[in-house]
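Worksheet: the structure to be examined is printed underneath.
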Amino acid sequence: LVVVVGYPFLRGIQWSFTDFYLLKGLTDWNFIGLENYVKFIRDPKTPQFLINSVIWVTASLALQSTLGLTLALLLNRPMRFRGIYRALVLVPWVTPTVVAALIWRWILHEQWGVVNLTLMRVGVIDQPIRWLSDTTLVWISLLVMAAWRFVPFWYVNILAGLQTIPREMYDAAAIDGAGRVGSFWHITLPFLRPVLGVLFLLETVWRANEFSTIWVMTEGGPAGATTTLAILTYQTGFLFYRIGYAASMGVSLTIMLAFFAWYYIRRVRMEA
Amino acid sequence: MDMHGSWFKAVWSPLLAVVVLGLGFGSVPLISAQGPVEVLYLSTGTTTSEHAWNAKWIAEFNKARSDIRIKMEEIPWTDLLTKVAAYHAAGIPPDIAWYASSQILEWQVLGLLEPLDEWLGDTKKEFLPSILDPKVSDVIFDGKMMGVPFTYVGRNLAVRADVLRAAGVNPVTLNTWEGVAKALKASTKPPSRYGTYFPFADALRTAGAAEMYFRGFGLDGIFDVRPEKKANYIKTLQYIKNDVFPSIPPAAVSWRYVDVLQAYVSGLITVHPTGSYLFGELQPSNPEVMNIEKTKNLPFPMVGNPKGILPMYTVGYVMFKASKKKKEAAEVLKFFTRKQSLLEWPMNMVPKSGTTVADRIQVNMFGESMRWYLRDWDQMMRTATLIKRVPYTPSGEINNIFRDALLKMYQGRLTPEQAYDEISSGVRPLLKYPRY
């Protein structure tokens with residue numbers, strides 16, 4: 001851990017206070033204090049990248065948690081071939097992210113993608129829908145792809161949580177006259193709270209750091225419309241060679257996530 | 001629980017032992033020092049034909065030399081600079097790599113390159129006549145040869161002659177900007193046919209596709225924001241806005257290079273700013289398009305020059321200064337730039353003196369099918385004005401600024417004048433080369 005996490009982490013923090021720029025040389029850098037952080041905060045584009053990150057994380061979590069919970073509730077009920085369905089739902093989760101993103105890119109391709117082709121053939125549309133080039137639709141495309149890829153993780157954890165709820169609780173609630181909705185609100189959700197709490201925390205951190213899905217699907221485009229902080233950090237460091245500045249972005253993202261995690265855990269503990 | 005415990009121990013104990021041993025003996029070479037020296041070779045030859053050529057000559061080299069082994073890593077052009085920077089930052093520099101004009105300049109600015117004059121010895125004489133030609137010379141810095149070319153590339157316009165003729169346009173009329181505008185308009189029939197494109201999802205390729213307009217309006221390139229050239233720059237952007245944008249597919253906003261090739265092959269677009277590599281790129285998968293009836297090669301139009309222009313540059317090999325195997329890497333370079341291997345090179349032109357179209361047809365993997373294409377190029381290079389493609393750095397950041405401004409102009413968020421202001425204010429403080 002010291003070698004693969006500790007050293008790079010500390011090195012990143014160190015570089016974030018330097019003017020390290022690869023086109024100046026690999027070893028030619030100076031300490032410049034908080035200049036990178038000030039530049040990042042003052043950059044007129046920063047609010048848009050922050051908003052993009054917030055849209056991406058919150059919409060992903062909302063969509064994925066809802067679908068994951070629905071799927072878990074459905075597949076927790078007795079039905080024929082339940083084992084097969086449960087296994088099939090996991091297929092997107094075991095597909096590598098880059099492969100999944102490439103497949104979705106082709107599915108949603110505006111010129112040759114199967115979605116537009118099908119919609120045009122059945123006469124629903126007469127012009128291709130701009131799934132990846134319209135600044136609003138591109139978010140929907142990304143969120144749908146991410147939901148397809150990551151919902152199984154929510155589902156499998158929530159399903160495990162559901163299976164720990166004693167059947168007797170529902171029987172007692174039924175005797176007391178509780179309906180399905182009442183049982184869900186007063187038994188299922190409270191029992192799932194620990195699982196959901198951990199899932200929300202983990203997924204917030206993972207989605208905020210998500211790179212592959214967005215990069216393969218859109219490279220942060222069109223014109224920066226889907227550039228999140230993680231994408232911006234990569235572009236700045238590895239495409240523009242501004243290592244010091246990119247490090248300050250990475251450290252800022254880490255601080256924001258650490259603060260969120262601290263606040264979230266504190267809130268969950270207080271509620272508990 | 002016990003079962004899990006024993007399973008855990010059975011699987012993890014040996015693994016742990018391997019890790020501990022590996023760490024313990026990490027500094028001891030596991031392979032005998034007498035074994036072959038491995039030369040790490042980064043290639044951007046990712047097309048089918050380039051890969052086949054590389055594979056053949058690597059196998060030949062590895063068979064002929066028991067003391068050196070080439071380890072090739074294939075990387076897309078768009079990732080080459082990042083990969084080389086990452087290798088160097090990690091302290092494990094590659095030995096040799098492919099370059100094109102912007103890569104060699106950026107590495108030279110970084111001080112990463114090893115001069116090749118002495119390493120190549122007499123063999124360099126076979127390249128010097130072509131690379132010292134001011135039209136293609138992009139590897140000589142401060143009098144030193146920092147790269148050895150295996151091909152020189154011309155940038156040009158490939159058009160779908162069959163589609164244009166069906167639209168009532170004679171392809172030869174694309175020798176002026178007015179002719180191009182008319183052809184784009186005539187061949188645009190949405191949603192199944194468009195004139196041309198900008199692959200906006202890929203800043204490098206967007207800049208590449210834009211090059212012909214900027215060179216053809218008298219600029220050095222998309223980075224040429226000199227105040228005295230402002231009028232030309234804005235005129236170019238106006239032409240793009242008025243005559244090019246109406247003919248590009250809306251989907252091109254999310255296109256990358258692979259989409260461009262598919263669009264050309266399928267006839268979705270008719271005018272393709274490309275280069276002499278197009279035949280080698282498309283012939284293996286789409287020979288039905290790579291023939292004289294369907295593809296017509298033309299120089300870029302140029303204001304006031306009816307012959308048109310062909311921006312030229314070289315692609316070749318560099319050796320990195322930090323390489324610990326320079327002697328072996330030089331042997332690889334000498335082998336790879338022998339006449340026989342270059343004659344078989346499937347794309348572009350060969351920078352060896354005394355090679356003819358007939359020589360290449362005899363040994364090239366495409367054989368006779370390439371004759372018309374090489375002849376087209378032979379003729380274009382005799383008739384058009386050859387100019388040097390001007391490299392610039394930092395290309396990644398400049399391409400990105402240019403792409404974003406152009407896309408905003410396409411989306412109607414910027415006028416050509418505003419786009420110029422955005423590009424020039426972004427590019428001017430960055431530009432390290434050329435130094436105007």
### Message
Under the 0.36 nm per residue contour assumption, what length would be gained going from the current alpha-carbon distance of A:Tyr170 and A:Ala272 to full extension?
### Response
34.5 nm
### Query
Treating the beta-carbon of each Lys and Arg as +1 and of each Asp and Glu as -1, no other charges, what is the dipole magnitude of chain B about its Cα centre, to the nearest 20 debye?
680
### Message
Tell me the Kirkwood radius of region A:29-153: reciprocal of the mean inverse pair distance over distinct alpha-carbon atoms, in Å.
### Response
17.7
### Message
Just want the answer: with Cβ charges of +1 for Lys and Arg and -1 for Asp and Glu, which residue in A:Ala146, B:Pro76, A:Met249 is farthest toward the dipole's positive end in the protein assembly as shown?
### Response
A:Ala146
### Message
Using Cα-Cα distances under 8 Å and only pairs 6 or more residues apart, what relative contact order does region A:153-272 have, in percent?
### Response
17
### Task
Using the structure shown, select from B:Lys189/B:Lys294; B:Lys144/B:Lys321; B:Lys185/B:Lys229; A:Lys45/B:Lys235; B:Lys144/B:Lys327; B:Lys294/B:Lys352 the pairs with a Cα to Cα distance greater than 24 angstrom.
B:Lys185/B:Lys229; A:Lys45/B:Lys235; B:Lys294/B:Lys352
### Message
Cut-off 10 angstrom, C-alpha nodes, Gaussian network model of chain B. Which of B:Asn286, B:Asn400, B:Asn364 fluctuates the most?
### Response
B:Asn286
### Task
Please determine, in degrees from 0 to 90 and to the nearest 10, the orientation of helix B:257-266 with respect to the longest principal axis defined by the Cα atoms of chain B, where the helix direction is its Cα long axis.
50
#### Entry: Whole-angstrom gap from region B:282-320 to region B:72-119, using each part's C-alpha centre
25
### Task
Determine how large the accessible area of B:Tyr239 is when every protein chain is in place; take a 1.4 Å probe and give Å² rounded to the nearest 10.
20
### Query
Can you tell me the Rg and Dmax of region B:47-194, counting just the alpha carbons, in angstroms?
21.3, 62
### Query
Across region B:373-385, in residue order, what do the Karplus-derived ³J(HN,Hα) couplings come to in whole Hz, using 6.51 cos²θ - 1.76 cosθ + 1.60 with θ = phi - 60° and x for Gly and Pro?
6, 5, 5, 3, 5, 4, 5, 4, 6, 7, 9, 7, 8
### Query
At a 1.4 Å probe, which residues in region A:225-251 are at least 50 Å² less accessible with all protein chains present than in their chain isolated?
A:Phe240, A:Tyr241
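Stokes-Einstein D for region B:118-195 at 20 °C, 1.002 mPa s, Kirkwood Rh over Cα pairs, in µm²/s? Don't jump to the answer; show the numbers that get you there.
Details: Rh = 16.0 Å.
Translational diffusion coefficient: 134 µm²/s.
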### Summary
Listed by chain and number, the residues whose amide H is under 5 Å from that of B:Leu113, excluding neighbours fewer than 5 places away on the same chain and using placed H, are B:Lys321
### Message
How much of the pair distance distribution for region A:75-114 lies past 13 Å, counting alpha-carbon pairs only, in percent?
### Response
63
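Can you compute the helix-only [θ] at 222 nm over chain A? Use -39500 (n - 2.57) per DSSP H run of at least 4 residues, normalise by all residues, nearest 500 deg cm²/dmol.
Working: 14 runs with 179 residues, N = 272.
That calculation yields -21000 deg cm²/dmol at 222 nm.
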### Task
For A:Met169, B:Met302, B:Met349, write out the residues from largest to smallest accessible area, computed with a 1.4 angstrom probe and no ligands counted.
A:Met169, B:Met302, B:Met349
### Message
Compute the orientation-averaged projected area for region A:177-272 from the convex hull of its Cα atoms and round it to one decimal in nm².
### Response
8.6
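With N residues in chain B, what two-decimal value do you get for its Cα radius of gyration over 2.2 N^0.38 Å? Don't jump to the answer; show the numbers that get you there.
Values: Rg = 24.2 Å, N = 436, 2.2 N^0.38 = 22.2 Å.
For chain B, the normalised Cα radius of gyration is 1.09.
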### Summary
GNM on chain A, Cα springs under 10 Å; top mean-square fluctuation among A:Ala258, A:Ala225, A:Ala147 goes to A:Ala258
### Query
Binning every alpha carbon pair distance of region B:236-294 at 10 Å from zero, what are the percents per bin?
19, 49, 26, 5
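How crowded by other chains is A:35-45, given as the mean number of beta carbons from other chains within 10 Å of each beta carbon? Could the numbers behind the result be given before it?
Values: counts 0, 0, 0, 0, 0, 0, 0, 0, 0, 0, 0.
Other-chain Cβ atoms within 10 Å of each residue's Cβ, averaged: 0.
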### Message
Using a 10 Å cut-off around each Cβ of peptide B:125-132, what is the average number of partner chain Cβ atoms that fall inside?
### Response
0
### Task
Please tell me the relative contact order of chain B in percent, rounded to the nearest whole number, where contacts are Cα pairs under 8 Å and at least six residues apart.
24
### Summary
So the compactness index of region A:94-133, its C-alpha Rg divided by 2.2 N^0.38 Å, takes the value 1.28
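Dipole of region B:340-394, Cα-centred, from +1 at each Lys and Arg C-beta and -1 at each Asp and Glu C-beta, to the nearest 20 debye? Intermediate results must be reported in sequence, preceding the final value.
Details: 7 positive and 5 negative charges, 49 e Å.
Around 240 debye, computed over region B:340-394.
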### Most to least packed among A:75-82, A:196-203, B:274-281 [average Cβ atoms within 10 Å]
B:274-281, A:196-203, A:75-82
### Query
So for the protein assembly as shown, Kirkwood radius off the Cα pairs, Stokes-Einstein at 4 °C and 1.567 mPa s: how many µm² s⁻¹?
45
#### Entry: Cα principal axis extents for chain A, largest first, Å
74, 55, 33
### Summary
Which of B:Ser369, B:Ser395, B:Ser254 fluctuates most in a GNM of chain B (C-alpha springs under 10 Å)? That residue is B:Ser254
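Kindly provide the helix-only [θ] at 222 nm of chain B, computed as the sum of -39,500 (n - 2.57) over DSSP H runs of four or more divided by all residues, to the nearest 500 deg cm²/dmol? Don't jump to the answer; show the numbers that get you there.
On the way: 18 runs with 190 residues, N = 436.
Rounded to the nearest 500, the figure is -13000 deg cm²/dmol.
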### Between region A:1-50 and region B:157-223, the Cα center-to-center distance that results, in Å
42
### Message
I'd like the accessible area for B:Glu50: 1.4 Å probe, protein heavy atoms, all chains in place, Å² to the nearest 10.
### Response
20
### Query
Leaving out ligands, DNA and RNA but keeping every protein chain, what accessible area does A:Val94 have, in Å² rounded to the nearest 10, with a 1.4 Å probe?
110
### Query
What's the center-to-center distance, using Cα atoms, between region A:53-123 and region B:123-147 in Å?
54
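Order B:Trp377, B:Trp372, A:Trp29, A:Trp93 by their accessible area, 1.4 angstrom probe, all chains in place, largest first.
Values: B:Trp377 5, B:Trp372 35, A:Trp29 60, A:Trp93 90 Å².
Correct descending sequence by accessible area is A:Trp93, A:Trp29, B:Trp372, B:Trp377.
Restricting to Cα atoms and excluding each atom paired with itself, what does the Kirkwood estimate give for region A:168-229 in Å?
Working: mean 1/r = 0.0674 Å⁻¹.
This gives a value of 14.8 Å.
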### Task
Order the following by accessible area, largest value first: B:Val109, A:Val151. Probe radius 1.4 Å; ligands, DNA and RNA are ignored.
B:Val109, A:Val151
### Query
Regarding region B:288-436, what whole-number volume in Å³ per residue does the convex hull of its Cα atoms give?
205
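Stokes-Einstein D for region B:303-365 at 4 °C, 1.567 mPa s, Kirkwood Rh over Cα pairs, in µm²/s? It would help to have the intermediate numbers written out before the result.
Numbers: Rh = 14.4 Å.
My calculation gives 90 µm²/s for D.
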### Task
Provide the descending list of Cα extents for region A:1-95 along its principal axes, expressed in whole angstroms.
67, 35, 22
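Provide a whole-number value for the mean count of partner chain Cβ atoms within 10 Å of the Cβ atoms in peptide B:243-256.
Taking all residues of B:243-256 together, the mean is 4.
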### Query
Just how large is the dipole of the protein assembly as shown about the Cα centre, in debye to the nearest 20, putting +1 at every Lys and Arg Cβ and -1 at every Asp and Glu Cβ?
460
### Task
Please name whichever of A:Gly161, A:Trp262, A:Thr233 sits farthest to the positive end of the charge dipole of chain A, dipole taken about the Cα centre and charges placed at Cβ: Lys and Arg +1, Asp and Glu -1.
A:Gly161
### Summary
Of the candidates A:Ala208, B:Phe141, A:Phe20, the farthest towards the positive dipole end of the protein assembly as shown (Lys/Arg Cβ +1, Asp/Glu Cβ -1, centred on the Cα centre) is A:Ala208
### Message
With a 1.4 Å probe, what is the total accessible area buried between chains A and B, in Å² rounded to the nearest 100?
### Response
2800
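The values are calculated or read from the model by the stated rules, or taken from the named source; none is laboratory data. These numbers come from a predicted model, not from an experiment. Methodologically, a virtual Cβ is constructed for each residue, glycine included, from the backbone with ideal geometry; neighbour enumeration extends over all protein chains shown. Side chains included, ligands, DNA and RNA excluded: accessible areas come from the protein's heavy atoms. Shrake-Rupley method; radii C 1.70, N 1.55, O 1.52, S 1.80 Å.
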